[in-house]
Amino acid sequence: MMALSARLLSSVFAVASLFPLLIAAAPSATDPCADIAGKTFVPPADALACLKAFPFNETLRQNVLTNIARVFDFFTFEDYYLNSPPPFQESTNNIRETIKRINSTRYQTDYDFNKDLYDFTTQLNDGHTRWFPDCYTSFQNILPAPVITIEENGVQGVYIAFDSVEFLSQLGPDYAGYFDSIGFDWKRLQGARVLQIEGKDPYDYVDQIARTVSGNYLDHGVRVNSVFTSYRISGAAFSQRVGDLAGPTGVAQNSLTFKLVTVNSTKVETVTVPFLANYLGSPFTDKDSFWAANCAANDATNGVDLKTPRTTAAIRRLAKGEIIDKSNSNALNLPPRFIPTVPPVAGSGGVIKSFVLPDNKTGVMFVGSFGGDFDGFQSDVVSAINSFQKAGVTQLLIDLTNNGGGFVCLGHFLHQYLAGSNIGYPGFVSTVRANPLAQKIIAADIALGLDSSLTFYSGDNYAFLNGTQISKSFNYITPSVPFVVNGRQDPTSQRFHDTCELFFSQKVPATPPFDLSKVAIVNNGNCASTCAMFSTLMNERHGTKIAVFGGKPGEQMEFKGMAGNQVLEWADLDTEIKTAGVKSDPLAPPDLLVSGNFRHNWRTAWSFFDENRPIAYVSELPRFRFPYTKDTYNNPQNLWTFAASKLF
Ligand SMILES: *[C@@H]1O[C@H](CO)[C@@H](O)[C@H](O)[C@H]1NC(C)=O
Ligand SMILES: *[C@@H]1O[C@H](CO)[C@@H](O)[C@H](O)[C@H]1NC(C)=O
Ligand SMILES: *[C@@H]1O[C@H](CO)[C@@H](O)[C@H](O)[C@H]1NC(C)=O
Ligand SMILES: *[C@@H]1O[C@H](CO)[C@@H](O)[C@H](O)[C@H]1NC(C)=O
Ligand SMILES: *[C@@H]1O[C@H](CO)[C@@H](O)[C@H](O)[C@H]1NC(C)=O
């Protein structure tokens, strides 16, 4: 060992004397990960060199692709992709053919294989159905020039965000210092008017990012808004999302070239802006430890048989409908000057922030997600509504901007609380796909006497359409119910309801606390899963006024992003399979050998407008569409005040 490294060293020196410039790079050529170890910010090319340090491995391809191919059997929308109905044609993809292509493509590195698979699933534009390889989603590339779209003097245009300096300075001296070290002044770009990006009209470039990078939302128009930087609630704090142009997952790009005019200037300049990648993964020191920490399967990668005794206390299993937005893991605050100046009312400590606007008649609930504390969310709704009533509020504005979803039952809760329990069932009619393995799982659950405490498949999770809870021994999937999509037989289970009322910890009023015609919704279309189900319920059942801000001028945009229903992470589905005791079935997906998650949309929500169509595929346009302005961009209170003047 000693002798070998001494020999290597001497040969490095021999080469180095001939090529002095290589002296620094030479030792790292063998381990590009060691080079970037311990650094929070690294140039994307250096990060990519580390990610590409792992050669393509056929065993891993077969493992991952087999897993994914078999999980797709459970994906409710697979056959819709053969010919996605308008206006969602952009997502059309023959999933099985694409898997075949990826199975027969030659890749140099494990990264190349995973990137192809990541891009394929991302471009299905269903935030519930994506491959997340933890190894390769461990960096967020950050461009010090996040973009916005606003209307100025009656004309909409793309600008570098007006708060880019204040916003990105929060990344700290290591981020800003890098640009100082290469002599790049990013701060002077703040507020610049953008004329071109990468040689294209800026909106065309935004469309390209929406097509290839953003994912999550079936509707292209909604994805356009994901490209821009925007306000949100992350965790329980006001936050600003960098946006998919300036803050994509991964390190695919090194720079972007803008043609722009800076503030107070008339000179058109061409500026190439470098990205700097933010490492979000676990600590490592070199290539092997990078793999061990981020890429190898760990205890949480695959599912477990819940019948075996566990040391951890039983947790309540609640259905979730939410997207994974990696940009939440290093969330930056919304700069203080944009935080509402009116004080929050009671019940604003979690994912909901509620306010009474200065007009004293408009209550605002900014519902940042349907996640967080399940019972806390419910008590916060009650506190906010009580405060509004005490304050004499007569109209209610709900802001769903960048709401990525959460617990399915919290969507039902908020809907029923606003509409009153007299409306009856507050959710959608639902089904699961009746593939042969799903039928075997349910048969096995029944034979084993399992119930909803251990499985999502057991009948007692759900109710018949008349509201009677289904018994755990009732087989609602065999016989299956025939259904045809794009000419393919795609049978489902019987239709059923959720049973969310069983989990409500707060009493729901019988009648609406506010005249429902005085309730309106604003958002940026980035409203996923449970959020999309909630807003669609408000639209389909109550005709609630919905206003969407932003987007590309002249391009259509839905008010909901992606309206799947319950999502199962890979580990959740595997837990269903293992708990039912059918893991040895040839149809069962194998355990993953790498740390990753192929999640999928597991249940469909059927539209009230057309019960043969999933709400995901029903185009429901907002009745109001407004551009952002200098005033409303990033400024929730200004936006709410504007919206209240237009919607009530
Ligand atoms: C490929 O991956 C498998 C599973 O991790 C591993 O056992 C095998 O050694 C790898 N093959 C090569 C050539 O590295
Ligand atoms: C990939 O192709 C090989 C060779 O045809 C086949 O044996 C294997 O089952 C395929 N894998 C997947 C996941 O389809
Ligand atoms: C632009 O001009 C205005 C008005 O003179 C001034 O207040 C502002 O500071 C200038 N901004 C920049 C970035 O130079
Ligand atoms: C709203 O209420 C506050 C406090 O009672 C009062 O000072 C203010 O003038 C009211 N504003 C309007 C527009 O009525
Ligand atoms: C509800 O429907 C189920 C299934 O059709 C049926 O067995 C049950 O008796 C019904 N319950 C009531 C209260 O009508």
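The values are calculated or read from the model by the stated rules, or taken from the named source; none is laboratory data. Fair warning: this is a prediction, and the values are worked out from it, not measured in the lab. Every residue, glycine as well, gets a Cβ built from its backbone with ideal geometry; the counts of neighbours run over all protein chains shown.
Observations, loosely collected:
- Residues in the range 158-190 that are in contact (Cβ under 8 Å) with a residue 24 or more places away in the chain, polar (S, T, N, Q) and either surrounded by fewer than 17 Cβ atoms within 10 Å (Cβ to Cβ) or closer than 12 Å to residue 332 by Cα (or both): 164, 170.
- Any hit, the range 423-437, residues being of a type in the set (Lys, Arg), buried (at least 22 other Cβ atoms within 10 Å of the Cβ) and either closer than 30 Å to residue 583 by Cα or out of contact with any helix residue (DSSP H, G or I) (no Cβ under 7 Å at 6 or more places or on another chain) (or both): yes
- The numbered conditions (1) surrounded by fewer than 19 Cβ atoms within 10 Å (Cβ to Cβ); (2) aliphatic (A, V, I, L, M); (3) more than 27 Å from the chain's Cα centre (by Cα) are all true for residue 463 except (1).
- In summary, residue 113 fulfils each of the numbered conditions (1) of a type in the set (Phe, Trp, Tyr); (2) within 30 Å of residue 441 (Cα to Cα); (3) without any contact (Cβ under 8 Å) to a residue 60 or more places away in the chain with the single exception of condition (2).
- Residues that are of a type in the set (S, T, N, Q), more than 30 Å from residue 229 (Cα to Cα) and buried (at least 18 other Cβ atoms within 10 Å of the Cβ) within the range 381-405 comprise 383, 387, listed in sequence order.
- Qualifying residue in the range 345-365 (condition: part of a strand (DSSP E or B) and hydroxyl-bearing (Ser, Thr, Tyr)): yes
- Every condition in (1) of a type in the set (Ser, Thr, Tyr); (2) within 18 Å of residue 440 (Cα to Cα); (3) surrounded by 24 or more Cβ atoms within 10 Å (Cβ to Cβ) is met by residue 604 except one, and the failing one is (2).
- Within the range 463-475, residues that are of a type in the set (Gly, Ala, Ser) sit with their Cβ atoms under 7 Å from residues that are away from ligand 2 (no atom under 16 Å from the Cβ) and outside any loop (DSSP other than H, G, I, E, B), at 6+ positions apart or across chains, in these pairs: 463/469; 463/496; 463/497; 467/497; 471/459; 471/460; 473/446.
- Per-region count, the range 233-291, residues part of a loop (DSSP other than H, G, I, E, B) and not aliphatic (A, V, I, L, M): 19
- Number of residues in the range 191-201 that are crowded, with 21+ Cβ neighbours inside 10 Å and either under 24 Å from the mean Cα position of the chain (by Cα) or within 16 Å of ligand 3 (Cβ to nearest atom) (or both): the value is 2.
- Which listed residue, of 314, 331, 319, is away from ligand 2 (no atom under 16 Å from the Cβ) and modelled with pLDDT of 90 or more: 319
- Checked across the range 374-388, the condition of being among the β-branched types (Val, Ile, Thr), within 16 Å of ligand 4 (Cβ to nearest atom) and over 21 Å from the mean Cα position of the chain (by Cα) holds for no residue.
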